[in-house]
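The structure under discussion appears below in the form of structure tokens.
The values are calculated or read from the model by the stated rules, or taken from the named source; none is laboratory data. Values in this document were obtained by computation on a predicted structure and should not be read as measured data. Note that each Cβ is placed from the backbone with ideal geometry, even for glycine, and that neighbours are counted across all protein chains shown. Note: accessible area is taken over every heavy atom of the protein model, side chains too, but ligands, DNA and RNA are not part of it. Shrake-Rupley method; radii C 1.70, N 1.55, O 1.52, S 1.80 Å.
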Amino acid sequence: MTKYSYNHQYLIKDGKPWFPVMGEMHYSRYPKAYWKESIYKMKAGGVEVVSTYVIWIHHEEIEGEYDFSGNRDLRGFLQVCKECEVAVILRIGPWVHGEVRNGGFPDWLLKKEYPTRKNDIRYFAEVEKFYSCIYKQVKGYLLKEKGPVIGIQIENEYGHVGGLQGEEGEQHMRKLLELAKKVGFEVPIYTATGWGGAVTGGMLPVMGGYCDAPWDASFEKLPPNGNYIFTKERNDHNIGSDYKLGYGITFDIEQFPYLTAELGGGLQVTQHRRPVADAKDIGAMTVVKLGSGANLLGYYMYHGGTNPKGKLTTLQESKETGSPNDLPIMNYDFHAPIREYGQISETYKEIKLIASFLQDFGSELCEMPAVFPNENPLLPTNRTDVRIAFRKNESQGYVFINNYQRHYSMAEHKDYVIQVPLLEETILFPPITIYDKEFFFYPVNMKIGKAKLKFALATPLCRLENLEETVYVFYTEKEPVYQIEGEIKKEKILTLSREEAKNSYKVIRKKEYLFLSESAVIDKQDRLCLIGRTEPSFRVYPALEDTPEGFVRLKDQEGFAEYHKEVIQGRGKVSFTELKRTKQSSLYEIQIQREQAALESQEAYLILSYRGDSAQLWIDGVLEDDHFYQGEHWEIGLRRYGFPKKVLVEITVLKETDLRFLEVWPKMEEGGQVCCLDTVEMEEEFQTEIFLS
């Protein structure tokens, strides 16, 4: 059985430093039929640990009536995780937030005569019942039972958003931990969120960081975000590490590793504030956390979803239930790396660069503490000085540079010389230009066989280890430079463009392969699956022993063998008709015709370009999804709805006087308002299987 633990610096797996990537997916917010496909997508993105909330109101909306059926099948989800060979951290609450109604509490619980989230024995008794019910579903899937569950998170943001603080708060967290253990949750790792004054009860604290704040009351662009500054500060606030370092931290940061559980993989929009996080927003923040010493990258969310339908009410967070925010009724897309309908996004590809690096080099990185040069700026408002950090030991390491600040330009730095002081030498890089919006990291004294890579003007991606050679794969957008000391014999350096690296997937069979494809290359253990909207093609290093069935091998290029398969791609037709218009909204019927060839595809997406405040999707009289306008199109997967031949979309009016933060406002019509569906298109998505020996 695999063993897990931790010390003050990093996580440990089977006695070795372990630097995993963790991704949040909520089983109750995604169709059960596609869980396994999604977990494999997450694994292909480099995720080793899946975290998930167990949301109380999703399971006991009516007191005493527990529902673990369909998409709420926690036990079934754990079985899928076991089959896909990923570890799991269960976040069992009882309060979770998660943009859920009442933070996840059922309405009936809030009507009791005693307070929630206080040290009241009646509340603890109710929590124990809920924990016991969860445990019955989880029993048999804990690590000690050869299952995937390695950790439990207790509560969420306790003492930061509600709850008690100080010793009373610590007592509360310890009591919840005691109850979890009492009912049977015996695991090697117990965590608690540690930001913003939250208390942890002595559990392993996990931190967070978001590139914007949809919950903020402001309708304006926010000031420069502190998550783009290299700092020892683990708390997520934008005031820099020179102002009360550690303020709002209730634990000794020297006693615990720097782990994150809520790096924003995207942002869930609210009615009043709708920032759109793009791939580089998340990628730059990831590089900064890596350079700041984080030894776990946990993304919330990694996989978007859709709120389930409630029996008594809708289940989204809203002002009606005391929240300062109104959110979509159904949509929980989050602009996540994997979107609401399972789409692979640019963010997925961007952060996969880091995940790929960590799988091959993360263990040694764990033991390299973060070091911040004196010239590194402490405030995000400083956009002129070079933001720089090191992860290093006495003889080797990495240098991290971030010249990216979301929504703000950064100064360009010409002829900048990176200097990395080690114990016996200082490594000097050749002069480089650091442009606005750039972020990267370079190796220093990296071992390559018996030789040493003194430095590289390229970023390491992964390593392919085969009998005949070991290939070190790097990527860069510029001219690569490698300074090597010693002789390379069995080793080889392979350089990709940054775009090629984003489209790369390491696959291990008898050999270790590197696939490059615009389609996602998903390893389903017994086969590979290319998922994309274009004809399946890929390049691979080294060449495959046999050409996959249905593919043709084209001319090899730069050591890569190229394979292509022709498929008949029926695109289908869509049209729409306006059925009704009022002062508040417009109702449209969308007619869908799929060509015979398209019927062989696994998914079809409606792509709606509309202008208005929000839109709702209705199928057979049932509200299935909704969307807040954000300045970009709305993409709807049809597979889960059985590929209907028609759907209804209702769009509400947006007025230029509405209090909204929109990064891009739509073109208004006469009267300073707009409500219209401009275009509808449809794209088919294909899955092509490849069997490798």
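For the stretch 123-260, the solvent-accessible area works out to 37 Å² per residue, with a probe of 1.4 Å and every protein chain left in place. With the simple spin-label model, which puts each label point 7 Å out from Cα in the Cβ direction, the residue 593 to residue 394 separation comes to 7.6 nm.
Potential lengthening of the chain between residue 577 and residue 120 amounts to 158.8 nm, from the contour at 0.36 nm per residue minus the alpha-carbon distance. If the chain linking residue 484 and residue 367 were pulled fully straight, counting 0.36 nm for each residue of separation and taking away their Cα-Cα distance, it would gain 39.8 nm.
For the stretch 372-396, the residues whose amide N sits under 17 Å from a probe point set 7 Å from the Cα of residue 423 along the beta carbon direction are 391-396.
Between the stretch 23-100 and the stretch 431-471, the C-alpha centres lie 37 angstrom from each other. Choose one of 629, 664, 619: the residue whose Cα lies farthest towards the positive end of the charge dipole of the stretch 612-693 (beta-carbon charges +1 Lys, Arg; -1 Asp, Glu; about the Cα centre). Positive-end residue among those listed: 619. Taking 7 Å steps out from each Cα toward its Cβ at residue 622 and residue 567 produces label points 2.8 nm apart. On a per residue basis, the convex hull of the C-alpha atoms belonging to the stretch 340-424 measures out at 152 Å³. Rounded to whole numbers, the Karplus 3J(HN,Hα) couplings from phi for the stretch 633-643 are 6, 10, 10, 10, x, 8, 4, 5, 9, x, 6 Hz, using 6.51 cos²θ - 1.76 cosθ + 1.60 with θ = phi - 60°, and x at Gly and Pro. Taking packing as the residue-averaged number of other Cβ atoms within 10 angstrom, the listed peptides 150-160, 215-225 run from highest to lowest as 150-160, 215-225.
For the chain, adding -39500 (n - 2.57) for each run of n ≥ 4 DSSP H residues and dividing by the number of residues yields -4500 deg cm²/dmol at 222 nm. Between the amide H of residue 336 and those of 304, distances stay under 5 Å, these residues lying 5 or more places away or on another chain, with hydrogens modeled in the peptide plane.
Averaging 1/r across all pairs of distinct Cα atoms in the chain and inverting the result yields a Kirkwood radius of 26.6 Å. Calculated on the Cα set of the stretch 612-675, radius of gyration then Dmax: 13.7, 40 Å. Computed from the C-alpha gyration tensor, the three semi-axes of the ellipsoid equivalent to the stretch 17-131 are 29, 16, 11 Å, from longest to shortest. Once backbone amide H atoms are built at 1.01 Å from N, residue 576 has 591 as its partners under 5 Å, excluding neighbours fewer than 5 places away on the same chain. Across the stretch 48-58, rounded Karplus estimates of 3J(HN,Hα) from the backbone phi angles (6.51 cos²θ - 1.76 cosθ + 1.60, θ = phi - 60°) give 9, 10, 9, 10, 8, 6, 9, 8, 3, 5, 6 Hz, Gly and Pro being marked x. Rounded to two decimals, the Cα-based Rg/Rh of the stretch 275-434, with Kirkwood Rh, is 1.08. Considering only protein heavy atoms and a 1.4 Å probe, what is the carbon-and-sulfur percentage of the accessible area of the chain? The C+S portion of the solvent-accessible surface of the chain is 48 percent. Under a 5 Å amide H cut-off, with hydrogens placed 1.01 Å from N, residue 647 pairs with 590 among residues at least 5 apart or on other chains.
Per residue, the accessible area of the stretch 552-693 comes to 52 Å² when a 1.4 Å probe rolls over the protein heavy atoms.
Net length available on complete extension from residue 678 to residue 468 is 69.9 nm, with 0.36 nm assigned per residue and the Cα-Cα distance removed.
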